[in-house]
Amino acid sequence: MEIFVGILDRIRVINMNPALIRFTLELPDKNLNCLTLNPLIIDKMLMIQEKKYVVKVSGKFNSRDQLIVSQFEIENSDDTIRKLGI
């Protein structure tokens, strides 16, 4: 499993049932396309602002070179994140 740290951007809902979210992780040298089916991660992501938070994600790549995220953590939490309990 690979770990990446970058800025969370372009969060999009692909499917509602089952829930599928795509987002872009902006790394210093490239942008990484990511997907997740994990409802706990999806709940967190839909409550936070794009281009504001640095996140750490881990997962495996699929055949389309997209990272399938299995773990998600916000690195630079602020008052908003703490109030939401994320």
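The values are calculated or read from the model by the stated rules, or taken from the named source; none is laboratory data. No experiment lies behind these values; they were computed from the predicted model shown. Quick reminder, even Gly has a Cβ in these numbers, built from the backbone with ideal geometry, and neighbours come from all protein chains shown. Side chains are part of the model used for accessible areas, which takes the heavy atoms of the whole protein and leaves out ligands, DNA and RNA. Shrake-Rupley method; radii C 1.70, N 1.55, O 1.52, S 1.80 Å.
Please report the carbon-and-sulfur percent of the accessible area for the chain; probe 1.4 Å, protein heavy atoms only, DNA, RNA and ligands left out.
Values: 2710 of 5460 Å².
Exposed carbon and sulfur together represent 50 percent of the surface.
Which entry in [x] 1.22; [y] 1.53; [z] 1.02 matches Cα Rg over 2.2 N^0.38 Å derived from the coordinates of this structure?
Label of the calculated value: [z].
How big is the dipole moment of the chain about its Cα centre under a simple scheme where the beta carbon of each Lys and Arg is +1, that of each Asp and Glu is -1, and everything else is neutral? Debye, nearest 20, please.
Here the chain has a charge dipole of around 220 debye.
Restricting attention to region 2-54, which trypsin sites (Lys or Arg not before Pro) occupy a DSSP loop and are surrounded by at most 14 other Cβ atoms within 10 Å? Intermediate values should be presented prior to the final figure.
Values: sites: Arg10, Arg12, Arg22, Lys30, Lys44, Lys51, Lys52; in loops: Lys30, Lys51, Lys52.
Here the trypsin sites (Lys or Arg not before Pro) that fit, given the DSSP loop and packing criteria, are Lys30, Lys51, Lys52.
If contacts are Cα pairs under 8 angstrom and at least 6 residues apart, what is the relative contact order of the chain in percent?
Relative contact order of the chain: 29 percent.
Mean-square fluctuation check for the chain, GNM, Cα pairs under 10 Å: which of Phe72, Phe61, Phe23 is largest?
The residue that fluctuates most here is Phe61.
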